[in-house]
Amino acid sequence: MNLRDTIAAISTPPGRGGLGVVRISGPLARAVTEACVRLRSELLPRMATLGELLADDDQIVDQVVVTYFAAPRSYTAEDVVEISCHGAPVVLRHCLDRATRLGARLAEPGEFTFRAFLNGRIDLPQAEAVRDLIDATTLYQARVAALQTKGSVSRRLTPLKNQLLELISLLEAGIDFAEDDISVAPVTEILRRLEPIHNETLALARSFLYGNLVRNGFSLAIVGRPNAGKSSLFNCLLRQDRAIVTDIPGTTRDLVSETAEFGGIPVRLVDTAGIRETGEVIETLGIERSFQAMSDADLTIVLLDGTADLNSEDEALISTARENGRCLVVVNKSDLLTRDVIAGHPYPRVSAVTGQGIAELRTAVLDQLIPQTEREMQGGFITSIRQEHLLSEAAQMLAKALEAAKLGLPHELLLLDLYCALQPFDAITGATTADDILNRIFSSFCIGK
């Protein structure tokens, strides 16, 4: 793509609405707008101006509001104009078509944000956070992405990179000017500087465990014997009656899934068929899918009937669930308990009918997947697998540098490891990122952003 062109795109979602926006960016943005729209007054930076969108014969198509952002105080750091029309698809298409015939070209996916990155308006972690903000499905995801667009990740990375550069400069000076009696830092000083960089880099890489959970959510399967209350719990966690609930054992024959939200994190809930010995063909197929759902889920809730004694089938199901991965055993029907038939087992007690213990269950589910301390982070964590891979690579090279320093190896060899650790930092911020990686990142954006 030619980044010196003037580009245009519809920046609002397809369909009809009260308003639709056509965005134009580049050196001809103002000229193209003045050719498309008859303005009531002169375009002034950061001011809204009333105008009429014209047809090719100068007839009025729509009354519009035009907002002009002069370079470099705009999203792309170029001249940007946003034309707000009524949200009729035919009007927006006409506005875009007219702009492209008068000097602009259609923008590629993510090209506005790409230009913002190339022009130094944002760094690469901020650009990736823009995409996460657009894709957010919960308010918490949006809040985390908004913090990252303001540089929360970069604020953790920049000091580490600066400390690494200072250490490299110190060692380079000792090597280059050894004949001038400039002392080389002793091993204790190198380790004092290097260990915090390594520890913080490793901690930031490990924060992806939570960041990935926030960005992509997780799946939660609910399994148990017939009439344990799985569908009732499913509906309770979902806060709507999605699954059919009856007193008849074996009501659920197939998997039922919906998306809920736990603490702002998307959760794919899966209700399963009751697991028991049966000769009924359809129910048997449903039970097989229950075991498959257990294998595929990030976490499995094994639901026990609190009004029935714990038996060998329950114990076998708990054992199977633990073999398949993370598992949380929960006792249902706490509102009906006249005595604790599962005494001695510290399983959470809930009532899917009254809602008793459900809030605590949501917290217990999250505790199984990520510690509370990590859930309290507010955006200074990694949500991109690309960033996680690069930080892990940097941490490995820093660990090698630490080992080299402890072994007393020559500083020239130590510097090789430090320079190798510096490269991933540059790749995260975009300083040394290859064009094909940049294209892959920005092509996943929507057109108009």
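Please treat every number below as a calculation from the coordinates, not as lab data. Keep in mind that this is a model prediction, so the values were computed, not measured. Every residue, glycine as well, gets a Cβ built from its backbone with ideal geometry; the counts of neighbours run over all protein chains shown.
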- Around residue 225, which amide H atoms from residues at least 5 apart in sequence, or from another chain, sit under 5 Å from its own amide H, with H modelled in the peptide plane? 275
- Message: Just to confirm the filter: which trypsin sites (Lys or Arg not before Pro) across the range 1-71 are DSSP coil and have at most 11 other Cβ within 10 angstrom of their Cβ?
- Response: 4, 16, 40, 46
- extent check for the range 7-121: Cα max minus min per principal axis, descending, whole Å, gives 40, 30, 25
- Task: List, in order, the whole-Hz ³J(HN,Hα) value for each residue of the range 350-357 obtained from phi through the Karplus relation with A = 6.51, B = -1.76, C = 1.60 and θ = phi - 60°; use x for Gly and Pro.
- Result: 9, 10, 6, 8, 8, x, 4, x
- Message: Could you give each residue of the range 39-53 its phi-based ³J(HN,Hα) in whole Hz, using Karplus coefficients 6.51, -1.76, 1.60 with θ = phi - 60°, and x for Gly or Pro?
- Response: 8, 7, 8, 5, 6, 10, x, 6, 10, 8, 10, 7, x, 10, 6
- Under a Cβ-Cβ cut-off of 13 Å, what is the net charge of the residues other than residue 302 that fall near it, where Lys and Arg count +1 and Asp and Glu count -1? -1
- Task: Could you name the lysines whose alpha carbon sits less than 19 Å from that of residue 150, not counting residues in the same chain fewer than 8 places away?
- Result: 161, 449
- Message: Just to be sure I understand: with springs between alpha-carbon atoms less than 10 Å apart, which residue in 82, 412, 261 has the highest mean-square fluctuation in the Gaussian network model of the chain?
- Response: 412
- Out of the DSSP beta bridges found with both residues in the chain, what percent are antiparallel (nearest 5)? 65
- Query: Does the chain classify as rounded, prolate or oblate by the C-alpha gyration tensor (a ≥ b ≥ c root eigenvalues; a/c under 1.5 gives rounded; else a/b over b/c gives prolate, otherwise oblate)?
  - Reply: oblate
- Message: Cut-off under 26 Å on the C-alpha distance; same-chain residues fewer than 8 positions from residue 230 excluded. Which lysines are left, in chain and number order?
- Response: 333
- Bins of 10 Å, starting at 0 and running to the largest distance - Cα pair percent for the range 1-70: 18, 50, 29, 3
- Item | Rounded to whole Hz, the Karplus (6.51, -1.76, 1.60) HN-Hα couplings of the range 220-230, x for glycine and proline | 10, 9, 10, 10, x, 6, x, 6, 6, x, 4
